[in-house]
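Working notes for the structure below.
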Amino acid sequence: MMNRGVLLMVPLVLQGCASYYSHYAMFPAEVSAGENRQIRLSWQTADYPDWWFVDDRATPIKLDTQCSDRVWRLRDDRDPDVGACGAGIRACGEPGLDAYAPTGEPVAGHGVRCMVIEPGNGDIVIPQLKNEMDLLVSCLPVVVSLPDGEEEQGIDYLRASPVPYRVYVRTAPRGSLRARLPEFDESVCDDE
């Protein structure tokens, strides 16, 4: 018969092996309509010790834009919802919403990679990201807003560029005061 103390310790050991972190970046940039907006990226990780049998885990990277309801989720190959638009940490375009910027052609199917982090490294996964990273945007919205009742719903996002954006990331233990995401100033949106 197994010792009851050992059985009670197993769940505690399994829960206590990871360190949990929140990661975020916020920077000003131009959106496709030519307006200056704040861009925010955020995700969370669970970092396990090298000796542990579980690989580090991460949520998808969420990219949102000030004054826009469009939210992008960049995923890596470990995520079953990653999409078949190439390798690396990426987000695929959506038909009817996006166009491939170099050609201006609307996205047909989900095979166009609109955003990619560390474009030169197709094998990277989200837990491997450091405090600096490159973000390449290759698409633009077909329209920057959609009718939403009597109002307009903004769906614009970070302007496409052949040169990647350099993004500086902050990391903090999850649950700490430093882990709170910076808020957008929505009064800018109301003024327009």
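Quick note: the coordinates plus some simple rules give every number you see, no bench work behind them. Since the structure is predicted, the reported quantities are computational estimates derived from the model, not experimental observations. Note that we place each Cβ from the backbone using ideal geometry, even for glycine, and neighbour counts take in every protein chain shown.
Distance from the Cα centre of the range 66-92 to that of the range 154-171, in angstrom?
That distance is 14 Å.
Loop sites only, by DSSP: take the chymotrypsin sites (Phe, Trp or Tyr not before Pro) in the chain that have at most 11 other C-beta atoms within 10 Å and name the longest stretch containing none of them.
Longest site-free region, per DSSP loop and neighbour criteria: 54-192.
With unit charges on the beta carbons (Lys and Arg positive, Asp and Glu negative) and the dipole taken about the Cα centre of the chain, which residue among 110, 97, 51 sits farthest to the positive side?
The Cα lying farthest towards the positive end belongs to 51.
Testing the spin-label approximation: label points 7 Å from Cα along Cα→Cβ at residue 47 and residue 150. State their distance in nm.
The two pseudo-label positions are separated by 5.1 nm.
Give me the percent relative contact order of the chain, please, defined on Cα pairs under 8 angstrom at least 6 residues apart.
Relative contact order comes out at 22 percent.
Please give me the summed charge of the neighbours of residue 79: other residues whose Cβ is under 11 Å from its Cβ, Lys and Arg +1, Asp and Glu -1.
Details: positive: 57, 73, 75, 78, 90; negative: 76, 77, 81.
The answer is +2.
Explain nothing, just the number: dipole magnitude of the range 117-181 about its Cα centre with +1 on each Lys and Arg Cβ and -1 on each Asp and Glu Cβ, in debye rounded to the nearest 20.
My answer is approximately 600 debye.
What would the Debye formula give as log10 I(q)/I(0) at q = 0.09, 0.11, 0.14 Å⁻¹ for the alpha-carbon point model of the chain, no solvent?
Rounded to two decimals, the profile gives -0.40, -0.56, -0.84.
Sort 127-134, 145-152, 113-120 for me by packing, meaning the mean count of neighbouring Cβ atoms within 10 Å per residue, highest on top.
The densest-packed peptide leads the list: 113-120, 127-134, 145-152.
Among rounded, prolate and oblate, which fits the range 57-123 when a ≥ b ≥ c are the square roots of the eigenvalues of its C-alpha gyration tensor, a/c under 1.5 means rounded, and a/b larger than b/c means prolate?
oblate
Quick one: grab the alpha carbon gyration tensor of the range 89-187, order the square roots of its eigenvalues as a ≥ b ≥ c, and give me rounded if a/c is under 1.5, else prolate or oblate depending on whether a/b is larger than b/c.
In terms of gyration-tensor shape, oblate.
About its Cα centre, what dipole magnitude does the chain give when the only charges are +1 on Lys and Arg Cβ and -1 on Asp and Glu Cβ, stated in debye to the nearest 20?
1120
Using Cα atoms only, what is the angle between the long axis of helix 4-16 and the major principal axis of the chain, expressed in degrees (0 to 90) to the nearest 10?
Computed tilt is about 30 degrees.
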